[in-house]
Amino acid sequence: MKKHLAASILALSSVLALPLSAQTAAEPHSSKKMTFEQYIEGLKQEAREKGFSEQLIATSFADVSYHKRAVKADRNQPEVVETLETYLPKRVPDWKVNKAKDMMKKYHKELTAVGKQYGVQPRFIVSLWALESNFGKITGNFDVISALSTMAYDGRREAFFKGQVFDALTILQQGHIKKADMKGSWAGAMGHNQFMPSSFLSFAADGDGDGKKDIWNNTSDVFASIANYLSQVGWNNDITWARQVKLPQGFDNSLAIPQRTGGRKPWLQHWSRTEMSLSDWQKVGVRRYDGSDLPNVDMKAALVFPDGEQGRAYLAYDNYKSLMHWNTSYYFVTSVGHLADRIKFSR
């Protein structure tokens, strides 16, 4: 039962991590028009036109297969009504907090070096590692080329997944992993940090200097890749992610970012429109969750309601935007920040 639940969480996380533009629905292929085998031949031809070698193409597609389970998982993602009060205890249980602390100790020297190199606090690196793959224990066992080809053939997000197929071929061409070892989720998210192939090419890093970026087996590369991702999307090592706050009666909720904005770009526009200095938030009655004054520091923040206006309220700092770049989900970001805080503050 635990394995099935973990697999469901992994699959859902993989899909949530896809860019919102890639989640736009379209009509799937009709199997009457083209078989999966015919579709693969088309992919091979496109790969040739893109300059991939015949040997790489032959090796990469030699045992490609159609995964009905991937299509079923994509079309039947669970719609579970959650609140942070029910979600966080399941995503960040005590055992995971304790395990994260143990990993902080076990990899202290390595994490400290990576954190200093990229300007990212180690607790956030470990938090993402924990939540994406349970510290590398649950990474998916689908052949990545098969999974991506299946999703492209399904047609609902064909352009996105076709691009991911060719990015996966590039990863193989660069020699970071052998084809037989390139495993991932049903949506093609790979390794301990569940990078899609495009994210791998943009953000994966060689943590130990061996010339490869192995996010499947090498924790040095996993930590460096997570840190490099956050660094490249604007992480600030001098601040935290957010703080839960208390709002006064009659608070003007239009000062907050709407819960649903329709995508990352409008979300960022709302952020720019609504962010204020902490002193200005203090003036409109926002206080720390314990009712005391906000910190007297020169910082800006935006207000978010992950559960809607009746739920928790958070003042979000710039690092919140970096986590939302990783996965545009309030619940995912909150779980990452919550675990990172528990690593630092709980006994």
Residues to consider are S198, S202; find the one that is part of a helix (DSSP H, G or I), hydroxyl-bearing (S, T, Y) and either within 19 Å of D143 (Cβ to Cβ) or in contact with a His (Cβ under 6 Å, 6 or more places away or on another chain) (or both). S198
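Answer with yes or no whether G234 is at pLDDT 95 or above, open to solvent by less than 70 Å² (accessible area, probe 1.4 Å), within 30 Å of L201 (Cβ to Cβ) and assigned to a loop (DSSP other than H, G, I, E, B).
It is true that G234 is at pLDDT 95 or above, open to solvent by less than 70 Å² (accessible area, probe 1.4 Å), within 30 Å of L201 (Cβ to Cβ) and assigned to a loop (DSSP other than H, G, I, E, B).
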Output for region 260-300, where each listed residue is hydrophobic (A, V, I, L, M, F, W, C), closer than 21 Å to D238 by Cβ and in contact (Cβ under 8 Å) with a residue 40 or more places away in the chain: W271, L294, M299
Search region 285-332 for residues being of a type in the set (G, A, S) and in a strand (DSSP E or B), and hand back the single one that is nearest to R273 (Cα to Cα). A302
Can we say G207 is in contact (Cβ under 8 Å) with a residue 60 or more places away in the chain and on the phi > 0 side of the Ramachandran plot? no
Restricting region 148-184 to residues that are outside any helix (DSSP H, G or I) and at pLDDT 95 or above, the residue that is most open to solvent (accessible area, probe 1.4 Å): K178
What helices (runs of 4 or more DSSP H) completely inside region 1-83 contain at least 2 residues that are at pLDDT 95 or above and within 20 Å of S146 (Cα to Cα)? 36-49, 54-61
Among the residues of region 83-101, are any among the acidic types (D, E), open to solvent by less than 60 Å² (accessible area, probe 1.4 Å), over 20 Å from the mean Cα position of the chain (by Cα) and on the phi < 0 side of the Ramachandran plot? no
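Give the residue that is surrounded by the most Cβ atoms within 10 Å (Cβ to Cβ), with candidates limited to residues of region 319-328 that are over 9 Å from the mean Cα position of the chain (by Cα) and over 13 Å from L128 (Cβ atoms).
This residue is Y320.
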Looking at region 238-264 only, could you name the residues that are touching a Ser or Thr at 6+ places or on another chain (Cβ under 9 Å) and either assigned to a helix (DSSP H, G or I) or open to solvent by 50 Å² or more (accessible area, probe 1.4 Å) (or both)? S254, L255, R264
Across region 123-147, what is the total count of residues that are in a helix (DSSP H, G or I) and either without any contact (Cβ under 8 Å) to a residue 40 or more places away in the chain or in contact with a strand residue (DSSP E or B) (Cβ under 6 Å, 6 or more places away or on another chain) (or both)? 1
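The values are calculated or read from the model by the stated rules, or taken from the named source; none is laboratory data. Everything quoted here is computed from the prediction, not taken from an experiment. Positions of Cβ are generated from backbone atoms using ideal geometry, with glycine treated the same way; all protein chains shown enter the neighbour counts. Keep in mind that these areas ignore ligands, DNA and RNA; they rest on the heavy atoms of the full protein, side chains included. Shrake-Rupley method; radii C 1.70, N 1.55, O 1.52, S 1.80 Å.
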